[in-house]
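The values are calculated or read from the model by the stated rules, or taken from the named source; none is laboratory data. The model shown is predicted, which means the values in this text are computed figures rather than measured ones. Note that we place each Cβ from the backbone using ideal geometry, even for glycine, and neighbour counts take in every protein chain shown.
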Ligand code: NIG
Ligand code: FE
């Protein structure tokens, strides 16, 4: 039994397991002051005031030594953070592109010249499964150190049947051996590989007719994603790919309106996507459509920051009733960070989300973005015991003392994973 005593603020984010929070609901964190909680067999079994928690522990624990007490005085406790959009498994890095971009090259120009995603694809194809696992494991370790207990991981740097499967199998293996849980997304439609440059339609067919059925048959992913963008996949191709995924049982996600207004948000609503991600350039109609269809906007302010672009219009989306989640977008080109805390800071400071909205966006709404809100994303009895303790007297402080890691302790599945 683990007893966490006397948290200055116990942020439960309770009460939204059925549907993501939107509008004003995103501000309601269901905070317990001087909170206490108990974990038994990997689940929360008591959540409430600390004096009651103490009585619960005294009644339940036969011997004192059965109880591990963690003192949370002066600290904030939150649900384990959830990162619903990463490209975890890949080989290498692309710091030279940063220099090129600083000299004026654009992200999409670099891709068109065979760099960008294509250069990571080359390195990922050349890497063995063991090498990929080793590199991805280091990233996962850093996520955990920053308070993240569940992440999504997309394929999309293999771009052949074999190499996409290699990436997805690596994610599955890591999820089994690492404390951080991984939810996999198939993203063979991340980019048209160079060998299909002159016949992109043939690559779309490879994705819809060969890759998707195989990935679904092997149970290697729960979601299907596509980079719907000028110069990558058209709206029509993206729709075909997402529909092929739906037919095979893969729920749709979409990289939408990142670089140009392109109709990606509208497409997300049309196909009933679980999430539409990026949305820097989403149109007003697109935002309205997302709200109406209940699509979660996964916003990635770290990507906007790193690409030196205007961030998404989070305020407009929240006011329109779009449920918002936040993520690192961890990838080697447009967002090479595992610090979801920094992303939270950027969400406040560049998109004017409030500290309360930010916490909702990285907990219960992020859990909804992964179809996991029944198990994770809030601190409620019966839920999986994933949590983070922060060296902060209140939750606003998390956005105030910015750019550093404020994590004190992380518990994953009822086990202390970072202390
Ligand atoms: O989410 N936009 C497309 N894909 C990634 C970047 C991938 C890369 O540059 O390697 C993203 O930003
Ligand atoms: Fe991405």
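Data overview
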| quantity | calculated |
| --- | --- |
| Output for the range 285-301, where each listed residue is within 17 Å of residue 357 (Cβ to Cβ) and not in a loop (DSSP other than H, G, I, E, B) | 287, 290, 291, 296, 297, 298, 299, 301 |
| Counted residues, the range 71-100 - those being over 23 Å from the mean Cα position of the chain (by Cα), buried (at least 18 other Cβ atoms within 10 Å of the Cβ) and not assigned by TED's automatic domain parsing to the domain that holds residue 384 | 1 |
| Filter pass, residue 38 being surrounded by fewer than 20 Cβ atoms within 10 Å (Cβ to Cβ), touching a helix residue (DSSP H, G or I) at 6+ places or on another chain (Cβ under 7 Å) and within 28 Å of residue 180 (Cβ to Cβ) | no |
| Whichever residue in the range 270-280 is without any contact (Cβ under 8 Å) to a residue 60 or more places away in the chain and in contact with a strand residue (DSSP E or B) (Cβ under 8 Å, 6 or more places away or on another chain) and, among such residues, is farthest from ligand 1 (Cβ to nearest atom) | 272 |
| Residues being within 16 Å of ligand 1 (Cβ to nearest atom), within 18 Å of residue 238 (Cα to Cα) and out of contact with any strand residue (DSSP E or B) (no Cβ under 6 Å at 6 or more places or on another chain) - total across the range 281-301 | 2 |
| Of all residues making up the range 245-259, the number that are at pLDDT below 95 and away from ligand 1 (no atom under 12 Å from the Cβ) | 0 |
| Failed condition for residue 283, given (1) under 19 Å from residue 230 (Cα atoms); (2) within 15 Å of ligand 2 (Cβ to nearest atom) | (2) |
| Selection status of residue 133, in contact with a helix residue (DSSP H, G or I) (Cβ under 6 Å, 6 or more places away or on another chain) and away from ligand 2 (no atom under 16 Å from the Cβ) | yes |
| Residue list for the range 204-244, restricted to those being within 16 Å of ligand 1 (Cβ to nearest atom) and in a helix (DSSP H, G or I) | 207, 235, 237, 238, 241, 242 |
| Residue in the range 320-350 that is farthest from ligand 1 (Cβ to nearest atom), counting only those that are within 17 Å of residue 276 (Cα to Cα) and surrounded by fewer than 24 Cβ atoms within 10 Å (Cβ to Cβ) | 321 |
| Where residue 157 falls short, out of the listed (1) under 19 Å from the mean Cα position of the chain (by Cα); (2) surrounded by fewer than 20 Cβ atoms within 10 Å (Cβ to Cβ); (3) within 16 Å of ligand 2 (Cβ to nearest atom) | (2) |
| Positions within the range 249-261 being within 15 Å of ligand 2 (Cβ to nearest atom) and either over 26 Å from residue 330 (Cβ atoms) or not in a strand (DSSP E or B) (or both), in sequence order | 257, 258, 259 |
| Hits in the range 305-333 (condition: assigned to a loop (DSSP other than H, G, I, E, B), within 16 Å of ligand 2 (Cβ to nearest atom) and within 15 Å of the chain's Cα centre (by Cα)) | 327, 328, 329, 330 |
| Residue check, residue 96 within 16 Å of ligand 2 (Cβ to nearest atom) and more than 23 Å from residue 360 (Cα to Cα) | no |
| Flag for residue 151 being surrounded by fewer than 23 Cβ atoms within 10 Å (Cβ to Cβ) and touching a strand residue (DSSP E or B) at 6+ places or on another chain (Cβ under 9 Å) | no |
| Residues satisfying the stated conditions in the range 392-414, i.e. in contact with a strand residue (DSSP E or B) (Cβ under 8 Å, 6 or more places away or on another chain) and in a loop (DSSP other than H, G, I, E, B) | 392, 393, 394, 395, 406, 413, 414 |
| Filter pass, residue 301 being crowded, with 24+ Cβ neighbours inside 10 Å and either farther than 21 Å from residue 152 by Cβ or within 15 Å of ligand 2 (Cβ to nearest atom) (or both) | yes |
| In the range 45-103, the residues that are part of a loop (DSSP other than H, G, I, E, B), more than 15 Å from residue 336 (Cα to Cα) and touching a helix residue (DSSP H, G or I) at 6+ places or on another chain (Cβ under 7 Å) | 67, 84 |
| Failed item, numbered, when residue 14 is tested on (1) outside any strand (DSSP E or B); (2) more than 28 Å from residue 275 (Cβ to Cβ) | (2) |
| Boolean, residue 132 is at pLDDT below 95, buried (at least 18 other Cβ atoms within 10 Å of the Cβ) and in a helix (DSSP H, G or I) | no |
